[in-house]
Amino acid sequence: MPAQCPKCNSQIHSVIADHVDVNVVGGKTWHGISYACPSCSVLLSVAIDPISLKADTVEGTVAAVAQHLHSLEARRQ
Ligand SMILES: [Zn+2]
């Protein structure tokens with residue numbers, strides 16, 4: 001049985017996903033994703049974007065490793 005929109009009562013077989021910034025009190029901003037009803041556009045849910053979270057984690061890890069290797073190289077000279 002498909003879900004039902006809480007606003008327009010349409011049966012929901014798909015949603016509209018869009019990027020949204022998630023601003024955490026205290027300063028940090030995450031890449032979020034919003035899910036909206038395709039019939040009336042009411043916001044159904046917001047979550048941290050898992051694809052961006054993965055990409056940001058990999059990018060941050062690579063940058064940290066590169067910085068560490070650079071500092072080791074600088075110590076040798
Ligand atoms: Zn709706």
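Please give the calculated 222 nm ellipticity per residue for the chain, where each DSSP H segment of at least 4 residues contributes -39500 (n - 2.57) and the sum is spread over every residue; nearest 500 deg cm²/dmol?
Helix contribution divided over all residues of the chain: -12500 deg cm²/dmol.
Taking the Cα atoms only, what angle lies between the long axis of helix 50-76 and the longest principal axis of the chain, rounded to 10 degrees?
Once rounded, the angle reads 10 degrees.
Taking the Cα atoms of the chain, what is the range of coordinates along each of the three principal axes, in descending order and whole Å?
69, 28, 15
Please state the charge dipole magnitude for the chain, taken about the Cα centre, from unit charges on C-beta atoms (+1 on K and R, -1 on D and E), reported in debye and rounded to the nearest 20. Provide the component values of the computation, followed by the final result.
Numbers: 5 positive and 6 negative charges, 34 e Å.
Using Cβ point charges on Lys, Arg, Asp and Glu, the chain gives about 160 debye.
We did not get these values from a lab; they are worked out from the coordinates using the rules stated. Please read these numbers as outputs of a predicted model, since none were measured by experiment. No Cβ is skipped: glycine too gets one built from the backbone with ideal geometry, and neighbour counts run over all protein chains shown.
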